[in-house]
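Here the structure comes first, spelled out in structure tokens, and everything after it is commentary.
Coordinate-derived values only; no laboratory data. No experiment lies behind these values; they were computed from the predicted model shown. In this analysis, Cβ positions are derived from the backbone assuming ideal geometry, glycine residues included, and neighbour counts consider all displayed protein chains.
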Amino acid sequence: MKSAYELAMERLQKGSPSTSLTDEQKKELAEVDSKYQAKIAEKELFLKDQIRKAQTEGKADDIDSLQNQLVSEVRRLRDECEAKKEKLRNAFAKP
């Protein structure tokens with residue numbers, strides 16, 4: 001008798017079978033991650049510097065705008081990274 005967990009895992013496997021990635025494929029995914037982590041860090045450094053400047057100048061409106069921009073830019077870059085990795089995964093799955 002199988003547990004509910006085992007049955008659920010079997011159904012999940014049928015719906016979207018997992019694929020083993022080669023070392024080269026893992027390396028490609030890691031490169032995408034690394035590239036986007038660098039882009040995120042660059043954007044954070046730039047915008048946090050701008051926020052600091054706005055704080056010293058007492059520009060509260062600019063601070064809020066820059067903080068919102070920082071959040072949206074980081075979210076956009078993370079989403080873009082995940083999309084590229086998913087595209088690669090799909091390409092790996094196709095023979």
Tilt of helix 60-93 relative to the longest C-alpha principal axis of the chain, in degrees (0 to 90, nearest 10)?
-> 20
Two decimals is fine: what's Rg over Rh for region 41-95, C-alpha atoms, Kirkwood radius as Rh?
-> 1.29
Folded to 0 to 90 degrees: helix 4-15 orientation relative to the chain principal axis, Cα = 80
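Estimate the FRET efficiency between Glu6 and Lys26 by the formula 1/(1 + (r/R0)^6), using the beta-carbon distance for r and 41 Å for R0, to the nearest 0.05. Intermediate results must be reported in sequence, preceding the final value.
On the way: r = 28 Å, r/R0 = 0.68.
Working from the Cβ atoms, E equals 0.90.
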Projected-area mean, the chain, by convex hull of Cα positions, square nanometres = 9.5
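Taking the Cα centre of the chain as origin and charging only Cβ (+1 Lys, Arg; -1 Asp, Glu), how large is the dipole, in debye to the nearest 20?
Dipole about the Cα centre, nearest 20: 360 debye.
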Give me the angle, in degrees from 0 to 90, between the Cα long axis of helix 23-57 and the longest principal axis of the Cα atoms of the chain, rounded to the nearest 10.
-> 20
